[in-house]
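Everything below concerns the one structure shown next.
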Amino acid sequence: MERLNFKTTAVLVFALMFIVGAAFVPGLAQNNDKIVVGVSSPPETMNPHGDDSDANLGVMADIYEGLVKRVGAEGEIKPALATKWKKMSPKKWRFWLREGVTFHNGNEFTWEDVKFTFEHLANTQVSDFTSFGKAIESIETVDGDPWVIDITTTRPIPYFLSNMHQIFVLDKESTENRTPGEVAAKGIGTGPYKFVDWEEGSYLELQAYENYWGEVPPIKTAMLKPIVESSTRLAALLTGKIDIMFGVPVQLYQSIKTNPKLETITRPSRRSIFLGINNAEDLPTSSPKVRKAMYMAINEGEIINTLMRGHAKPAAQIPDPPTFGYNPDLKRMDYNPEKAKELLKEAGYEDGFSITLWCTTDRYIQDEQIGQAVVKYLQKIGIDAELNAIPKAMYWGKLKDKEPNFYMLGWFDGAFSFTRSALKLLHTPNADKGYGVWNGAGFSYPEVDALLEKSIDMTDEDKRLETLQKVNRMYMENVAVIPLHYQQQIYAVRKEADVNFTPRPDKWPVFWEMSFN
């Protein structure tokens, strides 16, 4: 099934030769004060609200902090700029702020920085989190105490606390006194690391903040090096230019694993890969039978065994098991191309129809190759399918503009909330409410949308979970998307770096959780 082009094959052959040779090359000397991590995607901005991708948020978590933070392999919520919190009502949360905290420029952290942060969050000119920012009605001190605040929302937000770890607090004074471009170029936060230098697309250098309110990180200098091409990233690891490689390609996993100089680390990824579909009335895909036929035509088992080399698990829905709203009763439809042909005939498309699958070339593991496979599976049941694979830099705008009728997307929810996921991915697009932002084909199922919105106001958590699981089931039974698989995270570490590194569920390169053994 897997067909690699000449360029890809040559790159992989070179990488394999390099791995074998590098096993016998003396390593570079370890620098006990510095660690360098190689990643596939660079941060786009130092404005912590300017880009909601995990590639950007992971970096922001070193420089900035939220009122809470997520820690460790399970992503447990812990105190950060707030020492404790309490839900006062469905629309009100109380936070006790941490005293004695300073920003990297020496300014004292106050409740006014929190208030300003949410105002900034709601500004469409500088924020990718506008829907969350606009959901804030007020932020006020309690009985005049500047270290206790109430945050009141315009409506109940079930995932409010779960999302707060990625709402990073800005320094009000320095942000107001700089242009948006200057804020985007230099980060000033309260986090364990302070900004030193950033060459966009080349490297980001951070230094441990010695006046940090908590434990000062043991690694004093941290560098992030974006290296898009995986073979080049691997070469940097083998030559000691980086210490940890994020995003090991599945084709090279076994070879890297047998290299005595390297250690591989894997963990299940929270990210699901799925296909979105337009169900507008004038399209063949308006028919649930057609969408079900497309689902049943795809041999996901073969994709996992060949393209993913076993480094994936089949998915039957978008959310992963830790997400609130995951439905354990949902099962994948069986691969059955003959039944798929029957469904097409019943829907009036025995002779097929034309459709184009959009996907990225450089965002997800084997994304373009998976796209090629899906197209071939659809062609086998008589659908005239073709692929439009483009770089992610071009892709996101097309998706937001709802240009594709059929597209590939990967997703994990940082707030562990299917409510949030469904509002962004499955709800009928509604710009005023911020719904359906990543519903790239404009799929619409108003009946389920209404039930999803109704669940937001539910205060009984058991009832809300039951409702969300029903919403999830109804979307999947109607084939709102075709789920494919959950990726596996694969990392490689230079043994001579002697670094203590445990992957996080969000895949963020958080330096303050790393140390030398």
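Nothing in this text is a laboratory measurement; each read-out follows from the coordinates by a stated rule. As the structure is a computational prediction, the values presented were derived from the model and not from experiment. So basically every Cβ, Gly included, is an ideal-geometry build from the backbone, and we count neighbours across all protein chains shown.
Among Val36, Asn163, Ile303, whose Cα lies farthest out toward the positive end of the dipole of the chain, if unit charges sit on the beta carbon of Lys, Arg (+1) and Asp, Glu (-1)?
Ile303
Tell me the mean residue ellipticity at 222 nm calculated for the chain from its helices only (DSSP H runs of n ≥ 4, each -39500 (n - 2.57), averaged over every residue, nearest 500).
So the calculated ellipticity at 222 nm is -8500 deg cm²/dmol.
Using a/c under 1.5 as the rounded threshold, could you call segment 35-225 rounded, prolate or oblate? The axes a ≥ b ≥ c are square roots of the C-alpha gyration tensor eigenvalues, and prolate needs a/b larger than b/c, oblate otherwise.
prolate
Out of residues 5 or more away from Thr102 or on other chains, whose amide H comes under 5 Å of its own, with H placed 1.01 Å from N in the peptide plane?
HN-HN under 5 Å from Thr102: Phe109, Trp213.
Residue-wise, which Karplus ³J(HN,Hα) couplings in Hz belong to segment 94-108, taking 6.51 cos²θ - 1.76 cosθ + 1.60, θ = phi - 60°, and x for glycine or proline?
10, 10, 9, 7, 7, 8, x, 9, 10, 6, 5, 8, x, 5, 6
If packing is taken as the mean number of other Cβ atoms within 10 Å per residue, what is the order of 282-292, 488-498, highest first?
488-498, 282-292
Starting from the Cα gyration tensor of the chain, take the square roots of the eigenvalues, sort them a ≥ b ≥ c, and report rounded, prolate or oblate (rounded when a/c is under 1.5, otherwise prolate if a/b is larger than b/c, else oblate).
oblate
Beyond 19 Å between alpha-carbons counts as too far, so tell me which of Lys292/Lys424; Lys339/Lys376; Lys78/Lys424 fall in that bin.
In this structure, Lys292/Lys424; Lys78/Lys424 lie more than 19 Å apart at Cα.
Over segment 202-269, calculate the relative contact order: mean separation of alpha carbon pairs under 8 Å at least 6 apart, over the residue count, as a percent.
So the answer I get is 20 percent.
Which of the peptides 39-45, 384-390 is most tightly packed, and how do the rest follow, judged by the mean count of other Cβ atoms within 10 Å per residue?
The packing order, highest mean first, is 39-45, 384-390.
Suppose each label sits 7 Å from its Cα in the direction of the beta carbon; what would the Thr428-Ser515 distance come out to in nanometres?
Once both label points are built, they end up 5.4 nm from each other.
Show me, for segment 249-259, the HN-Hα J-couplings you get by feeding each phi into the Karplus relation (A = 6.51, B = -1.76, C = 1.60, θ = phi - 60°), rounded to Hz, glycine and proline as x.
Result, ordered by residue: x, 4, 5, 9, 4, 5, 5, 5, 4, 8, 7 Hz.
Would you mind putting 143-152, 198-207 in packing order, based on average other-beta-carbon counts within 10 Å, highest first?
Highest-to-lowest ranking by the protection proxy: 198-207, 143-152.
Calculate one ³J(HN,Hα) per residue across segment 123-135 by plugging θ = phi - 60° into the Karplus curve 6.51 cos²θ - 1.76 cosθ + 1.60, and present them in order as whole Hz with x for glycine and proline.
7, 5, 6, 10, 9, 9, 10, 4, 5, 6, x, 6, 7
Normalised by the residues of the chain, what does the relative contact order come to in percent, with Cα pairs under 8 Å and at least six apart?
20 percent.
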